Every structure is written in structure tokens, then in C-alpha cells.
Amino acid sequence: MNLSFLARLGIGKQNSGAFDGTWRKTKGGTLTVRSPIDGRAIGTVQMADAKDYAAISKRAHATFLKWRELPAPQRGEFVRRIGEAFREHKDDLGRLVSLEAGKIVQEGLGEAQECIDIADFAVGLSRQLYGLTIASERPQHHMRETWHPLGTVGIVTAFNFPIAVWAWNSMLALVCGDACLWKPSLKTPLCAIAMTKIAADVLGKEWAPLVSLCIGPDLTVGSALLDDPNVPLVSATGSTRMGRIVGPRVAQRFGRTLLELGGNNAIVVMDDADLDLAVRAIVFGAVGTAGQRCTTTRRLLVHERIADALQKRLVKAYAQCRIGNPMDKNTLVGPLIDDAAAKAFEHAVAQAKQQGGKVVQGGKRAKVSRALAGGAYVEPTIVRCNEVLPVMREETFAPILYVMTYTDLEAAIALQNAVPQGLSSCIFTGSVRDSEGFLSAWGSDCGIANVNIGPSGAEIGGAFGGEKDTGGGRESGSDAWKAYMRRQTQTVNFSDS
């Protein structure tokens, strides 16, 4: 495999796990980075410890104090140039995502494009950080509401979107006047190093600490971040279990959190749906990223009149999904992130069988070439269920699709909402009445609800996030920028009394 693109991204055999304007000599342990494609080592990282973190946070905060004084459009100009640098490195970044996270090539490139898109969005936002004018009850008084930079934003990211989630947060935080301190997943640290190098080169020596990076274990670097009074906002993406730790811990010091946690997303297919359209969306949603998205389709709720016909189509489509090396442009399904993920897949399939589900497609580890034997490849799986199984209420980060039937829209919505998570959802129907019912107050309880389009592939223009055990956070578009700023109500008395 040709890995020359690593050098173009500034990644060598050993990399520092901490950046605060310069790459620091850190004192944490050494992390060996392995590719999920074949399990082989692709690099090492000298990680940071708690003392390293303290120095990095101090530098980021000092830089924030100067950065916040720049007019927002000037901050936006730096972000515009960062976005241009992402464009220049798009192909190499996409390949790095495939190498380190196991995504197929097109998904790696798509994630790099998200970074470009959110930078473009943030540039426009830098001239639209609007406040309000409020009518005062007192004569010759003026009231207004304004927004100010918040401080250093702690960004905790997961392996499955190793560059896009950081970009969603950091590009907005920068135009809002904040500094960023990134703690990436230990499974994808090279992506974090590459993105930090690109952004820091654009920012230059004076402003490079605004994109600080600290790679280290949860118990040292992670704990320091959660307890840091100079980090007023922690934006954390990961499991619901992780969120239950992060939320209360940060709240103890009255810090804010922006939580993007688990998903357990359903597609509802009505009996009048366009099945060609539905099949494409179901396969993409359930199989894409090997089921390792928070927006992955995990439950398929089908009207009983068409369930057997739709299942037959899906089994045929699944059988045509090529499993293998994600760097091969003909591959549709790459590996899971590691062997632990494959074991979780096997455990979930076994539970589904024990609880009464029937595997109608897949259900096993996939056969791959000897060159890929070190990777964790599994077969995209369909499980038919006659009732809600306990395992269906859990999020398994793997390509398992549970299929159930229903009789009417009210029953379908009840099934859709009957899980702890509330991220993304959709309905396929030709009925305006049913689609609007699904989108109404008594319909889907998720943060994202779509009609005739799957639950994955959110556009950056809309706020991304969900309810219930998904954490309630909102990132990316719309007015998500308000999470990165502090609100101030101002009153001016221009009378002589």
C-alpha cells in the first residue's frame, strides 16, 4: 500500500501528541497506531500527560484573550484560508481517514468535504453573529442583547468521524472568537495531527495555539479537560455511557457541555412508498461506514402489506455489497474499527437469535483475503423480528438491521420512539398527510426527521443533534453557533435622570 500521502500531511514514524503553537516533547506513554484495514502498525504517537495538558490549556487561554479582540470578519478570513488549505489537501485527508478509520474511499473524501463545507459556512457566519434590540419599559433607555466569545472550547471526538466533527466545532468556535483544545480518539490520532498541522500553518505563529491538540488517555488528559476552569464548554461526541460521565463532571464546576451521543435510528416504510427509493436509502443508511455512524439505520419498520417484498429486495441488495479493502474504489463495506467491535457484533447477533429474532442475511465474520486477515470484517446483517427485542434498544456499532412490521402510522411512530435514543429518523411515503404527521409534535421525537430520504448524510446548513440519550446537543449549521458564545443583555440610559 502506498502511504506517501502521510509524508505530505506531515506525519512521520513518531509524532508528538501535544500542540500549543509548537509541537511539544511530551511525557505520556507511547501509542502504536494500527490501521483497521489489516491491523498493521502505521505510526506511533508520544502521548501527553496531565502536566502537558495544563501547559497547553494555559497557552490556548492566553491566545484566546487576544483573539477575541479581533473583529469577527477578520477571524472569518483566517477560517476562509483554513478551508482553502483543506481543499488543497482533500485527497490526502480522505485517504488518511480511510487508512486510520477504515472508511471506504468515497466516504473518506466525503468527510474531508464536510470540513471544507463547514469552513465556508463559518466564513459567512462571521458577518452574521446577530443580537437583538429589545423595547425598554423605561423612557430614553435602550436595551439590546449581544453575543461575546466564550473562551477555550474543549473538543472530544470519536473514531468514526475523525476530522469532520472537529471541523464542525472548531470552525464555528474560531469565528465566534474562541480557542479550541482537541482531545481526539486514541484510535485515530494521526487524523488529528494532520488537521492540526494544516490549520496551524494557516494561523501562523501568533494564532496557532487556537488549534491546540492534546492526545492522551481519558484518566489523565480527559479528566484534566473535564475539570479545567479555563474550558467553559466541552463539546463531546461518543457513546451515551461517555456522556453520562462528561455531563455531570463538567456541570460540577458549572461548565457547559454540548453532547452528541448514541443513535438508534429507524426508517418507517409505508405501504405506498417508492420501494426503489427506499431500498437505496436503507442500504446506504444501514451498511455505510460498516454501521459505525451515530446516524446508521438500525431499525426498519415496514408496513405489514409490503414487508416480505421489501425484505426480498434488501437481501438481494445486501448480497451484492462488496466487502474488503476500503482503499479499493470497488469496495462498499470496509472493516470495523477493531476486533473488539467485531466481537460486539457477534454478541449482538447471538442475543438477537436468543431473543427470538431470525437472521435472514449475514450474521457472521466476512471472508477476506489473507492480506486483510488482520482486519475486523463482518457481513452486513438483517434480522427479522416479530416483536421488539431487548437488543434492539441498544446501539451496536456494526451493520445490523432489525426489521419489524406494523399496521398503521400511529403504531409505527410508537415503535420509532420506543428507544432511549433520539437522533435521526425518516419515513418513506407518498402521502402528504402521513409525512406531515410523522413530522408533527406527536410524530418522531428525534432531533432529525426526514421524508423520503434516509437518516444519514446530514447537511451542514442544519443543526445536527438529537434528544433523550443522544444528549440534546446541536452542532454545525442553523444557530448552533450560540453554544460557542455567551449572551449579554445590555441596557443604556441616555436620559439626564
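The values are calculated or read from the model by the stated rules, or taken from the named source; none is laboratory data. Since we're looking at a predicted model, the values are computed, not measured. Note that we place each Cβ from the backbone using ideal geometry, even for glycine, and neighbour counts take in every protein chain shown. The protein model used for the area step is the full one, side chains on, heavy atoms only, and it has no ligands, DNA or RNA in it. Shrake-Rupley method; radii C 1.70, N 1.55, O 1.52, S 1.80 Å.
Computed values, structure above
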quantity	calculated
Longest DSSP-loop-exposure-free segment, GluC sites (Glu not before Pro), the chain, at most 13 other Cβ within 10 Å	138-303
Probe 1.4 Å - accessible area at residue 388, Å² to nearest ten	70
Links that overshoot a 22 Å alpha carbon limit, given the list 103/482; 316/364; 197/482	103/482; 197/482
Potential lengthening between residue 27 and residue 146 on full extension [0.36 nm per residue; Cα-Cα distance subtracted]	38.6 nm
For the stretch 247-375: accessible area per residue (Å², 1.4 Å)	46
5 angstrom amide H check on residue 425, placed H, neighbours 5+ away	448, 449, 450
11 Å beta-carbon shell around residue 392, net charge (K/R +1, D/E -1)	0
Candidate aspartates and glutamates for bridging to residue 205, where Cα separation is under 20 Å - those fewer than 8 sequence places away on the same chain excluded	20, 52, 69, 77, 84, 178
Within the stretch 9-27, backbone nitrogen closer than 20 Å to the virtual label 7 Å beyond the Cα of residue 55 toward Cβ	14-27
Given charges at beta-carbon only (K, R positive; D, E negative), |dipole| of the stretch 334-420 in Debye	480
Placed amide H near residue 486: partners under 5 Å, 5+ positions off or other chain	148, 150
Helical contribution to [θ] at 222 nm, DSSP H n ≥ 4, -39,500 (n - 2.57), averaged over the chain, rounded to 500	-11500 deg cm²/dmol
Phi-based couplings in Hz for the stretch 128-133 (Karplus 6.51, -1.76, 1.60; Gly and Pro marked x)	9, 7, 7, x, 10, 9
Long-range amide H partners of residue 269 with built H, under 5 Å	301, 302, 303, 428
Point-to-point label distance, residue 482-residue 431, nm (Cα→Cβ direction, 7 Å offset)	3.5
Positive-end residue of 385, 357, 225, charge dipole of the chain with Cβ unit charges	225
Accessible area (Å², 1.4 Å probe, nearest 10) - residue 318	10
Efficiency of FRET between residue 339 and residue 489 - r from beta-carbon atoms, R0 45 angstrom, step 0.05	0.25
Prolate/oblate/rounded call for the stretch 29-88, Cα gyration tensor, a/c under 1.5 rounded	oblate
Per residue solvent-accessible surface (Å²) - the stretch 108-205, probe of 1.4 Å	31
Positive-pole candidate from 193, 4, 26, dipole of the chain, charges at beta carbon	26
Percent carbon-and-sulfur accessible area, the stretch 193-282, ignoring ligands, DNA and RNA, probe 1.4 Å	55
Size of charge dipole - the stretch 101-215 - debye, nearest 20, with Cβ of Lys, Arg +1 and Asp, Glu -1, no other charges	240
Rounded if a/c under 1.5, otherwise prolate or oblate - the chain, Cα gyration tensor axes	oblate
Proximal charge balance of residue 380 [Cβ under 13 Å; K/R count +1, D/E count -1]	+4
At R0 = 51 Å, FRET efficiency that the Cβ-Cβ distance of residue 370 and residue 88 yields, to 0.05	0.85
Given charges at beta-carbon only (K, R positive; D, E negative), |dipole| of the chain in Debye	1480
Hypothetical label at residue 134: residues of the stretch 477-495 whose amide nitrogen lies under 15 Å (7 Å Cα-Cβ projection)	486-493
Estimated vicinal HN-Hα couplings, Hz - the stretch 59-71 in sequence order (Karplus 6.51, -1.76, 1.60; Gly, Pro = x)	5, 4, 5, 4, 5, 4, 4, 8, 4, 5, 7, 6, x
